[in-house]
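No lab work stands behind these numbers, since they all come straight from the coordinates. Everything numeric here is computed off the predicted structure, so don't read it as measured data. Glycine gets a Cβ as well: all are built from the backbone with ideal geometry, and neighbour counts include every protein chain shown.
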């Protein structure tokens, strides 16, 4: 699977997550937003979205595109 990584995602890759970003991640997950949508909204690569869900013990409800 080829992931479309934007310049903003590359810039944010590996940076610390803010509390607001984590809250938005939880909200997007609760809404069953696809990982790709969360990735664009949060400006983070898809693999970071998945890793943060695991780290924060968020049951990943999001669908892979």
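Selection of the range 12-37 for residues being exposed (fewer than 11 other Cβ atoms within 10 Å of the Cβ) and farther than 19 Å from residue 61 by Cα yields 14, 16, 18, 19, 20. Could you check the range 17-36 and list, in sequence order, the residues that are free of Cβ contacts under 8 Å to residues at least 24 places away in the same chain and under 12 Å from the mean Cα position of the chain (by Cα)? Those that are free of Cβ contacts under 8 Å to residues at least 24 places away in the same chain and under 12 Å from the mean Cα position of the chain (by Cα): 21, 23, 24, 27.
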